[in-house]
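Enquirer: Below: one structure in C-alpha cells.
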DNA sequence: CAATGTGAACGTGTTCACAGCA
DNA sequence: TGCTGTGAACACGTTCACATTG
C-alpha cells in the first residue's frame, strides 16, 4: 500500500477541519461539506481517504468522531512527540514560547546552543544546554524530532549532527535547503521563500 | 504563456542557491551543479527556466549574475514590498523583530491589533494602531501584503478585512485554512501542520 | 565536446462518472 | 434517494533523449 505524499500532506487539514466541525456540534459530514470548508473537490477527499480504508456510509457521509480517531491514528497523533530545539536566538526563543505545539501533542523537552552566551540561561522552562549534551539528551529524553533555529551558515552542520544522533524528523526554520540522507523527513518553515513566490503573482496586479 | 505554480514555487530556491554560489565566487553554473545543491534533477531545472526564456549557453551553463537578475525580475524582487502585520501578540512581535525579511526587500511598515491592551504600544519601531486605521494605512503607506498573526478564531474575519481593503497577498500564520476569493495569493506558515504530516512517516521508525 | 533547450514519453495526481449500498 | 468508494479518463508535472549550439 503506497500512499502519495501529497495525500499525507492533506490529512492534517482534514483533522483540523473535522475537529472544528466537532466543536460546532456536528456528528456527521459529507465529502461535499468538508470540501466546501477546505476549498477542495468532494472527489479528492473521498479518494484521499480511500487510500487508508472505508470510513464513510453511503447515503450519510462520515461519522466525525470515528473519522477523526482513524486519521489521528494514521498520522501517529495519538502519542506524545518530544522534540529538541537547536538555537535559542530570537527565533528559537519565540518557538519555545509558542503555545500552539503543546495542545497538539508536540513538546519541546530540551534546548541547545553553541554559544557560551546562551548556555545555562533559561528559556521558557528549559535550561539551555551545550551541543555536547545533544547525544545523551536525545536518548535519555527519547527525543525523536529536531527543530532547527540556527543561522543559515550553521544549519547544515547542526542537521548533520541531529541525523548522526538518530533523529529522523527535522523541522527546519533556517533559510537554507539542507541536504539530508534518504529516510529523513524534513519540513521547512521559510516565510521569505513563501513571500518570494507570492510576489510573482502580485508584481503586475 | 502559462507557468505551472510548482515552477514558481521553486524559483526562490534557485535565487537563493545562485546567490550563495555568487558569494562563493562562482561566475557560471550548470544545471547539473545547481541540481546537486538543491537535490533536483538537471532536467527539471532546465525545464523550469525554459518557461521564462533561454538563459544558458550550450557547452558552458548559466552565467550566475545574469540568471539571478532575470529570476529576480521574473519574481518581482527588484522592488521593495511593504507589508502590514495584524496581531501583535507573542507571535506577531516575533515576526516584527525577525531580521530575515528586510535584507530580501520585505518591510513591515504598520502593525495593527484589535485589543486596547496593545494599541499605542511600541513593537520594534512601530506603534500599534487600531484596526479602524487599516484602510487608510494600506492606501497611505502603499501596503500590498498582509501578514496575519491573530488567533485562529479571528483569522477569517481579519483576512476578509484585508481583502476588502485591496490586499492581494496574504502571509497567514494563523492555524486555519482561510477562504479567499480567486486572485488572492495566500501562503500559510503552519509548523503544527508540518509536524503532523511528518509524524506519519516517523510513527513506526 | 559539453551542456542547453525541448518535444515526446512517462508517471503521478486529480477528476469523472457510476455501481453499490444504507 | 443520497452519498460513498473506485476504476477509468484525464490533466498535469517530471524525466528522457537528442538535436542544437557556443
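The values are calculated or read from the model by the stated rules, or taken from the named source; none is laboratory data. If you're wondering where the values come from, they're calculated on a predicted model, not measured in any experiment. Don't worry about glycine lacking a Cβ; one is built from the backbone with ideal geometry, like all the others, and counts go over all protein chains shown.
Enquirer: Take residues that are under 14 Å from the mean Cα position of the chain (by Cα) and tell me which of the strands (runs of 3 or more DSSP E) falling wholly in segment A:80-196 contain 1 or more.
Expert: Working: elements: A:81-86, A:106-113, A:126-130, A:145-148, A:169-172, A:185-188.
Output list reads A:81-86, A:106-113, A:145-148, A:169-172, A:185-188.
Enquirer: Criterion first (in a helix (DSSP H, G or I) and either away from DNA strand D (no atom under 16 Å from the Cβ) or at pLDDT 95 or above (or both)) does residue B:9 satisfy it?
Expert: Working: in a helix (DSSP H, G or I): yes; either away from DNA strand D (no atom under 16 Å from the Cβ) or at pLDDT 95 or above (or both): yes.
Spelling it out, residue B:9 is indeed in a helix (DSSP H, G or I) and either away from DNA strand D (no atom under 16 Å from the Cβ) or at pLDDT 95 or above (or both).
Enquirer: If you don't mind, there's one more thing I want to ask. I need a count of the residues in segment B:41-55 that are outside any helix (DSSP H, G or I) and more than 6 Å from DNA strand C (Cβ to nearest atom). Walk me through it before giving the result.
Expert: Quick first cut of segment B:41-55, residues outside any helix (DSSP H, G or I) only: B:41, B:51-55.
From the residues that got through so far, the ones that are more than 6 Å from DNA strand C (Cβ to nearest atom) too are B:41, B:51-53.
Count: 4.
Conditions tested, residue by residue: (1) free of Cβ contacts under 8 Å to residues at least 40 places away in the same chain; (2) within 30 Å of residue B:48 (Cβ to Cβ); (3) not assigned by TED's automatic domain parsing to the domain that holds residue B:28.
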{"site": "B:71", "(1), (2), (3)": "no, yes, no"}
{"site": "B:88", "(1), (2), (3)": "no, no, yes"}
{"site": "B:105", "(1), (2), (3)": "yes, yes, yes"}
{"site": "B:108", "(1), (2), (3)": "yes, no, yes"}
{"site": "B:115", "(1), (2), (3)": "yes, no, yes"}
{"site": "B:119", "(1), (2), (3)": "yes, no, yes"}
{"site": "B:122", "(1), (2), (3)": "yes, no, yes"}
{"site": "B:127", "(1), (2), (3)": "yes, no, yes"}
{"site": "B:130", "(1), (2), (3)": "yes, no, yes"}
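Enquirer: Please state which one of B:3, B:29, B:88 is more than 30 Å from residue B:135 (Cβ to Cβ) and buried (at least 20 other Cβ atoms within 10 Å of the Cβ). Walk me through how you get there before you give the answer.
Expert: On the way: B:3 fails: buried (at least 20 other Cβ atoms within 10 Å of the Cβ); B:88 fails: more than 30 Å from residue B:135 (Cβ to Cβ).
It is B:29.
Enquirer: Taking segment B:76-98, which residues are at the interface with chain A (Cβ under 10 Å from one of its Cβ atoms) and under 28 Å from residue A:95 (Cβ atoms)?
Expert: Matches in segment B:76-98: B:77, B:81, B:83, B:89, B:90, B:91, B:93, B:94, B:95, B:97, B:98.
Enquirer: Pick from B:24, B:70: which is closer than 28 Å to residue B:106 by Cα, exposed (fewer than 12 other Cβ atoms within 10 Å of the Cβ) and either within 13 Å of another protein chain (Cβ to nearest Cβ) or more than 6 Å from DNA strand C (Cβ to nearest atom) (or both)? Break it down into steps so the answer makes sense when it comes.
Expert: Details: B:70 fails: exposed (fewer than 12 other Cβ atoms within 10 Å of the Cβ).
Exactly one of B:24, B:70 is closer than 28 Å to residue B:106 by Cα, exposed (fewer than 12 other Cβ atoms within 10 Å of the Cβ) and either within 13 Å of another protein chain (Cβ to nearest Cβ) or more than 6 Å from DNA strand C (Cβ to nearest atom) (or both), namely B:24.
Enquirer: May I pose another question? So in segment B:27-61, with the set limited to residues that are within 13 Å of another protein chain (Cβ to nearest Cβ) and more than 21 Å from residue A:176 (Cβ to Cβ), which one is nearest to DNA strand D (Cβ to nearest atom)?
Expert: B:51
Enquirer: Something else: Which condition from (1) in contact (Cβ under 8 Å) with a residue 60 or more places away in the chain; (2) within 29 Å of residue B:8 (Cα to Cα); (3) more than 10 Å from chain B (Cβ to nearest Cβ); (4) in contact with a strand residue (DSSP E or B) (Cβ under 7 Å, 6 or more places away or on another chain) is the one that residue A:154 breaks?
Expert: Against the list (1) in contact (Cβ under 8 Å) with a residue 60 or more places away in the chain; (2) within 29 Å of residue B:8 (Cα to Cα); (3) more than 10 Å from chain B (Cβ to nearest Cβ); (4) in contact with a strand residue (DSSP E or B) (Cβ under 7 Å, 6 or more places away or on another chain), residue A:154 comes up short only on (4).
Enquirer: With the condition kept exactly as written, say whether any residue in segment B:189-199 is surrounded by 13 or more Cβ atoms within 10 Å (Cβ to Cβ) and more than 14 Å from chain A (Cβ to nearest Cβ). Please lay out each step first, then the result.
Expert: The initial filter retains those residues of segment B:189-199 that are surrounded by 13 or more Cβ atoms within 10 Å (Cβ to Cβ), namely B:189-199.
Still in the list and also more than 14 Å from chain A (Cβ to nearest Cβ): none.
No, segment B:189-199 contains no residue that is surrounded by 13 or more Cβ atoms within 10 Å (Cβ to Cβ) and more than 14 Å from chain A (Cβ to nearest Cβ).
Enquirer: For residue A:94, all conditions in the list (1) more than 23 Å from residue B:174 (Cα to Cα); (2) more than 16 Å from DNA strand C (Cβ to nearest atom); (3) crowded, with 18+ Cβ neighbours inside 10 Å hold save one; what is the number of the exception?
Expert: (1)
Enquirer: Given the conditions (1) assigned to a helix (DSSP H, G or I); (2) away from DNA strand D (no atom under 12 Å from the Cβ); (3) within 30 Å of residue B:183 (Cα to Cα), report the number of the one that residue B:65 does not fulfil.
Expert: The single condition residue B:65 does not satisfy is (3).
Enquirer: Go through segment B:175-186 and give me each residue that's surrounded by fewer than 17 Cβ atoms within 10 Å (Cβ to Cβ) and facing chain A (nearest Cβ under 7 Å).
Expert: Residue satisfying the conditions is B:179 alone.
Enquirer: Taking the condition within 16 Å of DNA strand C (Cβ to nearest atom), closer than 30 Å to residue A:154 by Cα and outside any strand (DSSP E or B), does residue A:34 pass? Write out each step before concluding.
Expert: Working: within 16 Å of DNA strand C (Cβ to nearest atom): yes; closer than 30 Å to residue A:154 by Cα: no; outside any strand (DSSP E or B): yes.
So residue A:34 fails the test.
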